[in-house]
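Please read the structure below before turning to the comments.
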Amino acid sequence: MNFSLTIVIVAITVLVSWRAFNDRALLERLILWPPAVERNKQYDRLLTHGFIHADWMHLLFNMITLWSFGTAVERVFSEWITPIGYVLFYLSAIVIAILPTYLRHRHDANYRSLGASGGVSAVLFSFILFDPWSKLIIFPIPVPIPAFLFALLYVGYSIWMDRRGGDNVNHSAHLWGAAYGVLFTLVLEPRVFSHFTQSLLQSGSP
């Protein structure tokens, strides 16, 4: 049986999130609160916010997505940069994805952010490069859609909602996480881009 570090990440995230649901002090220590980073030098919050979530629905959506696509990305990355390299990719994606938000709100004592969406977006978009015609089931869309089409809709929606604001979702982290996943993958193996374009041109045929 193959050992999966993706499942380990999911298990740790579920455990920490579950603990934080019932421990306000733990939640407040792990959440991204810019003044704590700026004044108290608690830089670990740039990472730890990715291991807590707002509620069970938020947690389950992120972890199901990570498990569904992370195991495939893990297999590829493990061959390229070892399994530990894959874990570092995921963890670094959480940090990179939140940096623009942190810089924008670094002096805002009322701002808080939590959730693994930046890292999950990086994994998902890396997977899309490998298999753009893979069918994704996205609630509330009733039928599966090709991964590359989901990517276009996802980016467009995230840009629109980031500019609009007001829904308490960090769409900026989604976008930066997706961009990081694509760039990281292409830097590791530039030939993935030609594979991606050729796969698109084949229109999903075997």
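Within the bounds of region 57-75, is there any residue that is at pLDDT 95 or above, part of a helix (DSSP H, G or I) and out of contact with any helix residue (DSSP H, G or I) (no Cβ under 7 Å at 6 or more places or on another chain)? Among the residues of region 57-75, at least one is at pLDDT 95 or above, part of a helix (DSSP H, G or I) and out of contact with any helix residue (DSSP H, G or I) (no Cβ under 7 Å at 6 or more places or on another chain), which makes the answer yes. Of all residues in region 34-56, those that are part of a helix (DSSP H, G or I) and within 18 Å of Gly118 (Cβ to Cβ) total 9.
Among all positions in region 174-194, there is at least one residue which is modelled with pLDDT of 90 or more, assigned to a loop (DSSP other than H, G, I, E, B) and either surrounded by 13 or more Cβ atoms within 10 Å (Cβ to Cβ) or in contact with a helix residue (DSSP H, G or I) (Cβ under 9 Å, 6 or more places away or on another chain) (or both).
Of the conditions (1) in contact (Cβ under 8 Å) with a residue 24 or more places away in the chain; (2) surrounded by 14 or more Cβ atoms within 10 Å (Cβ to Cβ); (3) not in a helix (DSSP H, G or I), Ala20 fails just one. Which one is it? Failing condition for Ala20: (3). Could you look through region 124-140, keep only residues that are more than 16 Å from Ser172 (Cα to Cα) and in contact with a Gly (Cβ under 6 Å, 6 or more places away or on another chain), and pick out the one that is most open to solvent (accessible area, probe 1.4 Å)? Here the answer is Trp133. Residues of region 79-108 that are aromatic (Phe, Trp, Tyr) and buried (at least 17 other Cβ atoms within 10 Å of the Cβ): Tyr86, Phe89, Tyr90, Tyr102. Val8 falls short on exactly one of the conditions (1) in contact (Cβ under 8 Å) with a residue 12 or more places away in the chain; (2) part of a helix (DSSP H, G or I), and that condition is (1).
Checking region 112-123 against the condition returns no match, with no residue being without any contact (Cβ under 8 Å) to a residue 24 or more places away in the chain, open to solvent by 50 Å² or more (accessible area, probe 1.4 Å) and within 18 Å of Gln42 (Cβ to Cβ).
Name the pairs whose Cβ atoms lie under 8 Å apart, with the first residue in region 54-78 and within 12 Å of Thr6 (Cα to Cα) and open to solvent by 10 Å² or more (accessible area, probe 1.4 Å), the second outside any helix (DSSP H, G or I) and of a type in the set (Ser, Thr, Tyr), and 6 or more positions between them or separate chains? That search, which allows pairs on different chains as well, returns Thr71/Ser4; Glu74/Ser4. State whether the residues of region 24-33 include one that is closer than 27 Å to Glu74 by Cβ, open to solvent by less than 50 Å² (accessible area, probe 1.4 Å) and part of a helix (DSSP H, G or I). Yes, some residue in region 24-33 is closer than 27 Å to Glu74 by Cβ, open to solvent by less than 50 Å² (accessible area, probe 1.4 Å) and part of a helix (DSSP H, G or I). Filtered by the rule that a residue be open to solvent by less than 60 Å² (accessible area, probe 1.4 Å) and basic (Lys, Arg), region 36-53 gives a lone residue, Arg45.
The values are calculated or read from the model by the stated rules, or taken from the named source; none is laboratory data. Since this is a predicted model, take the numbers as computed values, not measurements. Note that each Cβ is placed from the backbone with ideal geometry, even for glycine, and that neighbours are counted across all protein chains shown. Each accessible area value is taken on the protein alone, full model and side chains, heavy atoms only, with ligands, DNA and RNA left out. Shrake-Rupley method; radii C 1.70, N 1.55, O 1.52, S 1.80 Å.
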